[in-house]
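Asker: Dumping the structure here so I can ask a few things about it.
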Amino acid sequence: MILEHLPILQVAIPLVLAPLCLLLRNSRLAWVIALVGSLWAFACAVLLLTRVLNNGPLEYALGGWEAPWGIALRIDLTGCFILLLTGLIASLVIFWAKQSVENEIRRDQINLFYCMYLLCLTGILGIIATGDAFNVFVFLEISSLSSYTMIAMGRDRRALTSSFHYLVMGTIGATFILIAIGMLYMMTGTLNMADLAERLPPLRDTTTVRAAFAFLTVGLSLKVALLPLHQWLPDAYTFAPSAVSAFLAGTSTKVALYVLLRFFFTVFGVDFVFTDLRLDVILLPLSILAIFVASIIAVFQEDVKRMLAYSSLAQIGYMTLGIALVNTSGLTATLVHMFNHALIKGGLFMAIGGLCLRIGSTRFAVLKGVGRAMPWTMGAIVVGGCGLIGVPLTAGFVSKWYLVIAAIENGAWVVVVAIVLASLIAVVYVWRTVETLYFNDAEQDTSLKEAPLAMLIPTWLMVILVVWAGIDTGMTVGIAERAALALIGNSP
Amino acid sequence: MSTATTLMLIALLIPVAGAALVVITGRWQNLRETMTLLTAGSLFLLVIQLPGNVETTVLAELAPAFTLAFHVEPLGYVFAVLASFLWIITSIYSIGYMRAHHEQNQTRFYAWFAIAIAAVMGVAFSANLLTLFVFYEILTLSTWPLVTHSQTEEARRSGRIYLGILVGTSMVFLLLATGSIWHLTGTLDFQSGGVFNKNIPAAILAIVYTLFIFGVGKAALMPFHRWLPAAMVAPTPVSALLHAVAVVKAGVFTILKGTVYLFGLDTLSESGASVYLLPVAAVTIVLASLIALRKDNLKARLAYSTISQLSYVVLGALLANVHGIIAGTMHMVMHGFAKITLFFCAGAILVASHQTEISHMRGLGKKMPITMGAFLIGALAIIGLPPLGAMWSKWYLILGTLDRGYWSIIAVLVISTLLNIAYLLPIPIRGFMNGPERGNDTLEEAPFACLLAICITVIGCIVLFFQAPALVAFLNEGLNL
């Protein structure tokens, strides 16, 4: 009985739990509630994944109202994959976050923080589950508005401006998306994605549909933070509380990318996007540019969190590159990298959060030689960094390997060389961090202690997952490959 | 799973377990060193038990066609035995050196040492290029803390060069070569005769082979050799391990293994894909020797000597014939023993007299006869005089070159031998002939553990001269060429 309603329950429960945090006004209880909500999302994702793997995509009519009238939920394999990712990251981050949040956020705001966290999670889960274009916009706004709030709670006053910056950019993006959805509705008279896919082909040469596509792509690219629409991201990640950086790096851009994939492949169709409009011609150079420019900027950052933020931009470039190659391996690489990068970046931000808790800053200048006093945190950063570079046996290698294979399949040797060269820049910025932590110029501060166990355990769970996903790829690549095939194969 | 397979997998795990034990027992110095020696000893005993051929076992599947798989074949067997044996000796030496030199963070040192050996075992037993690549990278990363052990500004700089060149070449060239091999043949498995089929265009094969050879930065082929002298900043046992056994030998081993089992000797010699690289190897041999001649720092001179000697092995592979491969494999072993002796001596001199410059070593031989005597024998072994092992490898290298009829290469080998004499022999000659410098009166021999290690490797150099025919027979039979 409950199982049948799982597609909506997984969204509804965190939504109901969120106001509970607000009403109870107890920070510890709020944490427990947020943990329950996140674990619930994770459990639902696992259940849904097993069902979708066995029975194919799930359709669910909300309130029993059939599709054209009611709101339909539709969860396919790609959706399940991202749901699993979100549930996993949300649970581990919240498990980890307790002390970090107490340290970085004002006491009277802690329960509000957890409330926003649950709302953001709700938004993300909703985006993935829904089969309705307008609903995508609604949930996107829920998750975005709650992210703005969470970022503004950062320990530094600059968090406010970066949050405002994100708010402006994010709202422009959301408006574009809304315009696009409006245009599509005007042309087809439906908001249901499956119906849209059916009714769009005869209309695809009209200017309105093309304009809608352009608005949608630009709006979503803003949310994805694809270069050159990325300016909001570095500040937001740098000044947000550590827990928020870890959570957003692992989920929010990934979900925006998922929406992009969904519109490209299941609504507009491969033919329209890549044969008629040749989006790959724009997307490919932009992706490569993103990879290089962001990596190079990352090298020169003075703050670890900021460096990781720029590295995220570069990694997003890898993901869009996989889309731009328009073949199954490329799409597999994109999906796998979404998953792997979420683990890697989540783990790194969690480790950095540990440093922040003990030292109070994430600037390179104050981090010199602290690796000695915090060997486990340092270890997590090293392994996570190796993942970013794409060292074999870490998750990063697997996704890059698939990307290289996809590029070779297309005969795009320039892209292969670019991927490989960009990894070298990653070596530079990762190793700069490792060196800073490893070499101590100044006198050692003997009072420095290792991060608390409650933070180390989730961090290392994440790190172990990074290594595990780099060795046993059956789960990640297996699902991603099927999902990619389904996306390209079923495209209208 | 057969017994041999199980033993092979245990051999991969032993050093990792050893590293864990070292960390656990880190507080008690003697216990910790016992752990290192026990691990090293049991690894060697286990490796030598392995048969020369163990079939492939898949440990994990990174992707449908890409597996993490291990096997044993003659080349890998020789490399694994060499590395595990010299690990024992280096450990004995380390104990003497690290204590006498009052090095910091010894637990970390021994732990990373063990991890590096684990990576070497992975390289030796890998059954496909992807697995080899994985462990090759792990070896680079795990030796970085060893190279930068002293944590000084100089160590930091050297660490950057070390990592930059090794990771750079492997990420760019080796990965590209791996990708193209997979693209061209659909497999990365090492198999006898190679994976390429005969009608591959010679030009493409040449490009892929060149990428492969330059991708193996650990073989220190010019112009990617700068990491080797940079890594000299490490404690001497590390230099000994890196430059005589683990890292550089992992490099040339990769080249030999790829040449035999991926590209295939027949394919290479028929297409002539390796010919273009011969001048590079020849230039490296001569140029590195010339640079060595000009270095006054003993470790730096030895480092350049290593660069030159490594190219002998590369040359053996590039000849792409049976004699060349045998010469390369033998030189891996012979040079391993000879060069580790020389490094041990350099470290012993440093510990006992705190001298690093050759010009300050006058008369040292009178105070440190065992060390200087061992240095002389090690030097003669590098030069290739009987009754020392390295003579055989040079002999086979010349045979291989003659098979191909490359007279210019013969000339290079002759010149190189003369240069070897010129840069190595003056050191013991100065040591024994000239009177001691002032201020050296209180000088004593190096710690016992160091001397013991030196004596074992010297004996090894001599024993290998007599055992060489057995090694050749083993390779001939096992490689089935």
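The values are calculated or read from the model by the stated rules, or taken from the named source; none is laboratory data. In this text the structure is predicted, and so the values were computed from the model without any measurement. When we count neighbours, we look across all protein chains shown, and the Cβ atoms used for this are built from the backbone with ideal geometry, even at glycine.
Asker: For the condition surrounded by fewer than 24 Cβ atoms within 10 Å (Cβ to Cβ), aliphatic (A, V, I, L, M) and out of contact with any Ser or Thr (no Cβ under 9 Å at 6 or more places or on another chain), what is the one hit in A:I296, A:I291?
Answerer: A:I296
Asker: Could you list, in sequence order, the residues of region A:421-438 that are more than 20 Å from A:A373 (Cβ to Cβ) and within 9 Å of chain B (Cβ to nearest Cβ)?
Answerer: Within region A:421-438, A:L421, A:S423, A:L424, A:V427, A:V428, A:W431 meet the criteria.
Asker: Of all residues in region B:1-58, which are of a type in the set (D, E, K, R) and farther than 27 Å from A:T473 by Cβ?
Answerer: B:R27, B:R32, B:E33
Asker: Continuing with the same structure: If a residue has to be in contact with a strand residue (DSSP E or B) (Cβ under 9 Å, 6 or more places away or on another chain), among the charged types (D, E, K, R) and in a loop (DSSP other than H, G, I, E, B) to count, how many in region A:122-162 make the cut?
Answerer: Adding up the residues that qualify gives 0.
Asker: Out of all the residues in region A:335-352, is one or more away from chain B (no Cβ under 11 Å), surrounded by fewer than 24 Cβ atoms within 10 Å (Cβ to Cβ) and over 17 Å from A:I288 (Cβ atoms)?
Answerer: no
Asker: List pairs: first in region A:158-173 and free of Cβ contacts under 8 Å to residues at least 40 places away in the same chain and surrounded by fewer than 15 Cβ atoms within 10 Å (Cβ to Cβ), second assigned to a helix (DSSP H, G or I) and among the aliphatic types (A, V, I, L, M), Cβ under 8 Å, 6+ apart or cross-chain?
Answerer: Filtered contacts from region A:158-173: A:L160/A:A152.
Asker: Does region A:396-414 contain any residue that is surrounded by fewer than 23 Cβ atoms within 10 Å (Cβ to Cβ), more than 9 Å from every other protein chain (Cβ to nearest Cβ) and either β-branched (V, I, T) or in contact with a His (Cβ under 6 Å, 6 or more places away or on another chain) (or both)?
Answerer: yes
Asker: If you don't mind, another one. Within region B:59-99, track down each residue that is in a strand (DSSP E or B) and free of Cβ contacts under 8 Å to residues at least 40 places away in the same chain.
Answerer: B:A60, B:E61, B:A63
Asker: What are the residues in region B:146-194 that are within 16 Å of B:F133 (Cα to Cα), among the β-branched types (V, I, T) and crowded, with 18+ Cβ neighbours inside 10 Å, if any?
Answerer: B:I165, B:V167, B:T169, B:V172, B:T178, B:I181
Asker: Consider B:F337 carefully, then state whether it is of a type outside the set (S, T, Y), touching a His at 6+ places or on another chain (Cβ under 8 Å) and over 30 Å from B:T210 (Cβ atoms).
Answerer: Considered against the rule, which asks whether it is of a type outside the set (S, T, Y), touching a His at 6+ places or on another chain (Cβ under 8 Å) and over 30 Å from B:T210 (Cβ atoms), B:F337 comes out as no.
Asker: Which residue, of B:L129, B:L188, B:L82, is more than 12 Å from chain A (Cβ to nearest Cβ) and on the phi < 0 side of the Ramachandran plot?
Answerer: From the options B:L129, B:L188, B:L82, the qualifying one is B:L82.
For (1) within 28 Å of B:H101 (Cα to Cα); (2) modelled with pLDDT of 85 or more; (3) hydrophobic (A, V, I, L, M, F, W, C), each residue gets a yes or a no:
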| residue | (1), (2), (3) |
| --- | --- |
| B:P369 | yes, no, no |
| B:G384 | no, no, no |
| B:G435 | yes, no, no |
| B:I456 | yes, yes, yes |
| B:G478 | no, no, no |
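Asker: Would you point out which residue out of A:W69, A:W96 is surrounded by fewer than 23 Cβ atoms within 10 Å (Cβ to Cβ) and either within 20 Å of the chain's Cα centre (by Cα) or not in a helix (DSSP H, G or I) (or both)?
Answerer: Exactly one residue qualifies, and that residue is A:W69.
Asker: Examine region B:306-313 for a residue that is under 25 Å from B:S91 (Cβ atoms) and out of contact with any Leu (no Cβ under 9 Å at 6 or more places or on another chain), and state whether such a residue exists.
Answerer: Checking region B:306-313: at least one residue is under 25 Å from B:S91 (Cβ atoms) and out of contact with any Leu (no Cβ under 9 Å at 6 or more places or on another chain).
Asker: What pairs come up if the first residue lies in region A:454-475 and is within 14 Å of chain B (Cβ to nearest Cβ) and at negative phi, the second is surrounded by fewer than 18 Cβ atoms within 10 Å (Cβ to Cβ) and assigned to a helix (DSSP H, G or I), and their beta carbons are under 8 Å apart, counting only those six or more places apart or on different chains?
Answerer: A:A469/A:M475
Asker: What number of residues within region A:379-393 are within 19 Å of A:I352 (Cα to Cα) and within 11 Å of another protein chain (Cβ to nearest Cβ)?
Answerer: Going through region A:379-393 one residue at a time, the tally reaches 5.
Asker: Consider only pairs whose beta carbons are under 9 Å apart and that are at least six residues apart or on different chains; among these, list those whose first residue lies in region B:151-166 and is more than 8 Å from chain A (Cβ to nearest Cβ) and whose second residue is polar (S, T, N, Q) and in a helix (DSSP H, G or I).
Answerer: Final answer for the pair search is B:Y162/B:T140; B:Y162/B:T143; B:L166/B:T140; B:L166/B:T143.
Asker: Then there is this: Restricting the search to region A:222-233, which residues are assigned to a helix (DSSP H, G or I) and over 13 Å from the mean Cα position of the chain (by Cα)?
Answerer: Listed by number, the residues that qualify are A:L222, A:W232.
Asker: Any residue that is assigned to a helix (DSSP H, G or I), within 19 Å of A:S146 (Cβ to Cβ) and in contact (Cβ under 8 Å) with a residue 24 or more places away in the chain - is there at least one of those in region A:258-280?
Answerer: Looking through region A:258-280, at least one residue is assigned to a helix (DSSP H, G or I), within 19 Å of A:S146 (Cβ to Cβ) and in contact (Cβ under 8 Å) with a residue 24 or more places away in the chain.
Asker: So if I check each of B:L268, B:L278, which one is assigned to a helix (DSSP H, G or I), in contact (Cβ under 8 Å) with a residue 24 or more places away in the chain, over 21 Å from the mean Cα position of the chain (by Cα) and more than 19 Å from B:L242 (Cβ to Cβ)?
Answerer: On inspection, the qualifying residue turns out to be B:L268.
Asker: Same structure again: Please give the number of the condition A:E302 fails out of (1) surrounded by 24 or more Cβ atoms within 10 Å (Cβ to Cβ); (2) closer than 25 Å to A:V382 by Cβ.
Answerer: (1)
Asker: Let me ask something else about it. Check whether at least one residue in region A:234-255 is within 21 Å of A:H337 (Cα to Cα), out of contact with any Phe, Trp or Tyr (no Cβ under 8 Å at 6 or more places or on another chain) and assigned to a loop (DSSP other than H, G, I, E, B), and report yes or no.
Answerer: No - not one qualifying residue is present in region A:234-255.
Asker: Considering A:M169, A:M153, which residue is at pLDDT 90 or above and over 17 Å from the mean Cα position of the chain (by Cα)?
Answerer: Sole residue among the options that is at pLDDT 90 or above and over 17 Å from the mean Cα position of the chain (by Cα): A:M169.
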